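The values are calculated or read from the model by the stated rules, or taken from the named source; none is laboratory data. Small disclaimer: the values here were computed from a predicted structure and weren't measured. Cβ placement follows ideal geometry from the backbone for every residue including glycine, while neighbour counts extend to all protein chains displayed. What goes into the accessible areas is simple: the full protein's heavy atoms, side chains included, and nothing from ligands, DNA or RNA. Shrake-Rupley method; radii C 1.70, N 1.55, O 1.52, S 1.80 Å.
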Amino acid sequence: MKTLVTGGGGFLAGHLIDRLLEKGHEVRTIDLTEAALDRAAGLGCETIAGDLRDTETVSRACDGIEVVFHVAALASPWGTRKAFWSINVEATDNIIRACREKGVRRMVHVSSPSAVFDGTDHYMADETLPYPKKFLSHYCETKAVSEQRVLEANGQGLETAALRPHVIWGPRDRNLVPRIAQRAKAGKIVQIGDGENEVSTIYVENGADALVLAADAPAAPGNVYFIAGEKPVKLWGFLRRTLEGLGLPGPRRQIPYPVAFAAGAAMEAAWRTFNLKGEPTLTRYTAAELAKSHSYSIARAQKDLGYQPRVSDEEGLARTLKYFNEKGIPDPP
């Protein structure tokens with residue numbers, strides 16, 4: 001296939017590019033700057049530096065492409081609704097439009113379980129879980145809207161599917177591991193909740209495998225899929241094992257979830273009222289993510305896509321720790 005990967009300088013996108021090249025596919029990729037695309041260019045990919053919010057740039061990127069993997073997104077616990085909407089929704093609309101104009105066969109969209117996360121416990125939930133009436137963050141809202149628009153676009157010559165990978169981790173991660181490591185080094189990592197919450201996670205190479213499978217699976221068009229690892233993990237146990245493997249201290253204090261949620265709400269209000277820079281130490285969304293159970297069934301992905309985690313969580317963690325212990329841990333964005 002001739003493929004387009006958006007956000008090619010990103011974590012999941014980078015591993016997806018590796019997998020596509022391993023399988024012999026041609027890869028074109030787009031990101032905001034040439035610097036973000038250095039690795040992809042070094043692998044022999046065709047690269048385009050440009051903004052997905054620009055219709056002409058997106059049209060050029062989709063020209064001659066058979067399958068588009070839309071991975072790029074603004075994923076952050078904090079920011080303006082305008083920024084999230086323009087990157088997560090308007091850019092997705094541009095890609096759908098360009099896919100139709102250029103005769104792209106299939107668009108595989110990277111969504112998130114955050115699109116259906118309502119702040120309550122989810123236990124091995126499946127794809128019948130409804131979208132919430134209220135969202136805890138602009139990220140959750142805009143991922144839900146973009147996912148719905150992608151699925152609604154299925155048909156009339158364009159096939160679309162959406163995948164929801166959850167808590168992605170692995171070598172070259174620039175978000176999860178760097179964030180928890182930074183807080184651990186500063187002695188500021190605090191357990192929220194009782195530590196018994198179970199969470200589905202996914203090793204990054206397994207996520208890339210699922211995306212490649214979705215490009216050809218006959219049953220995929222028009223559907224959404226949860227993508228995760230072998231089985232849920234107790235989140236705080238997983239974080240402690242990761243920090244221990246990196247030689248860093250785990251959390252030494254615990255905050256009850258209701259207290260953390262109220263603190264997050266207060267910090268959000270302060271940041272909005274006083275237009276403070278950066279992001280709050282805690283938000284309602286972050287508190288809920290860290291304290292609530294959110295595990296998801298992969299039965300539909302197994303049935304329709306033939307998805308099965310290729311790398312075990314144990315092997316994935318060993319590879320991840322080896323990578324960061326050898327390469328060092330970068331500062332989070």
Rounded to the nearest 10 Å², the 1.4 Å probe accessible area of ARG97 is 110 Å²
per DSSP, antiparallel bridges as share of beta bridges in the stretch 149-260, % nearest 5, sits at 25 percent
Among (i) 0.96; (ii) 1.18; (iii) 1.08, the entry matching Cα Rg over 2.2 N^0.38 Å as calculated here is (i)
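May I ask what percent, to the nearest 5, of DSSP beta bridges between residues of the chain are antiparallel? Intermediate values should be presented prior to the final figure.
On the way: 3 of 35 bridges.
Given both bridge residues lie in the chain, the antiparallel proportion sits at roughly 10 percent.
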Surpassing 26 Å at the alpha-carbon level, of the pairs LYS143/LYS322; LYS82/LYS134; LYS231/LYS303, are LYS143/LYS322
The simple spin-label model distance between GLU326 and ASP54, using points 7 Å out along Cα→Cβ, in nm, is 3.8 nm
Phi angles of the stretch 292-301, converted by Karplus (6.51 cos²θ - 1.76 cosθ + 1.60, θ = phi - 60°) into ³J(HN,Hα) in whole Hz with x for Gly and Pro, give 8, 7, 9, 10, 9, 6, 9, 4, 5, 5
Treating only Lys and Arg (+1) and Asp and Glu (-1) as charged, each at its beta carbon, one finds that the chain has a dipole about its Cα centre, in Debye to the nearest 20, of 820 debye
Where a ≥ b ≥ c are root eigenvalues of the Cα gyration tensor, a/c under 1.5 meaning rounded, otherwise prolate if a/b exceeds b/c and oblate otherwise, the stretch 1-68 counts as oblate
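What does the C-alpha gyration tensor say about the overall shape of the stretch 75-130? Classify as rounded when a/c is under 1.5, otherwise prolate if a/b is larger than b/c, or oblate.
Values: a/c = 3.74, a/b = 1.45, b/c = 2.59.
Oblate.
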Packing-ranked peptide list from 1-9, 321-329, highest mean Cβ count within 10 angstrom first, is 1-9, 321-329
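Please state the shape class of the stretch 189-333: rounded when a/c is under 1.5, otherwise prolate if a/b exceeds b/c and oblate if not, all from the C-alpha gyration tensor. Display every interim value, and only then the final one.
Values: a/c = 1.95, a/b = 1.47, b/c = 1.33.
Prolate shape, in that a/c is at least 1.5 and a/b is the bigger ratio.
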Looking only at lysines whose Cα falls under 25 Å of LYS2's and that sit 8 or more positions away or on another chain, we get LYS23, LYS102
Calc'd 3J(HN,Hα), the stretch 305-310, phi into Karplus 6.51 cos²θ - 1.76 cosθ + 1.60 (θ = phi - 60°), Hz, glycine/Pro = x, comes to 9, x, 6, 8, x, 7
Using a 1.4 Å probe on heavy atoms of the protein chains only, the accessible area for SER111 in Å², nearest 10, reads 10 Å²
The answer for THR29, listing residues at least 5 apart or on another chain whose modeled amide H is closer than 5 Å to its amide H, is VAL5, GLU46, THR47, ILE48
Toy charge model, Lys and Arg Cβ at +1, Asp and Glu Cβ at -1: the stretch 207-271 dipole around Cα centroid in debye, rounded to 20, equals 460 debye
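Report the charge-dipole magnitude of the stretch 3-126 in Debye, nearest 20, computed about the Cα centre from +1 at each Lys and Arg Cβ and -1 at each Asp and Glu Cβ.
In total the dipole reaches around 200 debye.
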Dividing the helical contributions, -39500 (n - 2.57) per DSSP H run of n ≥ 4, by the residues of the chain yields a 222 nm value, nearest 500 deg cm²/dmol, of -12000 deg cm²/dmol
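Accessible area per residue of the chain at 1.4 Å probe, in Å²?
For the chain, the per-residue accessible area is 44 Å².
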Rounded to the nearest 10 degrees, the helix 11-22 long axis (Cα) sits at an angle to the longest Cα principal axis of the chain of 40 degrees
Straight-line reach check, LYS327, cutoff 26 Å on alpha carbons, 8 or more apart in-chain or any other chain, hits among lysines -> LYS185, LYS188
Computed over the chain: longest principal axis from alpha-carbon atoms vs helix 313-327 long axis, angle to nearest 10 degrees, is 90 degrees
If one compares the long axis through the Cα atoms of helix 176-185 with the longest principal axis of the Cα atoms of the chain, the angle in degrees, nearest 10, works out at 20 degrees
With x for Gly and Pro, the residue-by-residue ³J(HN,Hα) of the stretch 192-204, computed from phi through the Karplus equation 6.51 cos²θ - 1.76 cosθ + 1.60 at θ = phi - 60° and given in whole Hz, is 9, x, 7, x, 9, 5, 9, 9, 7, 10, 9, 5, 4
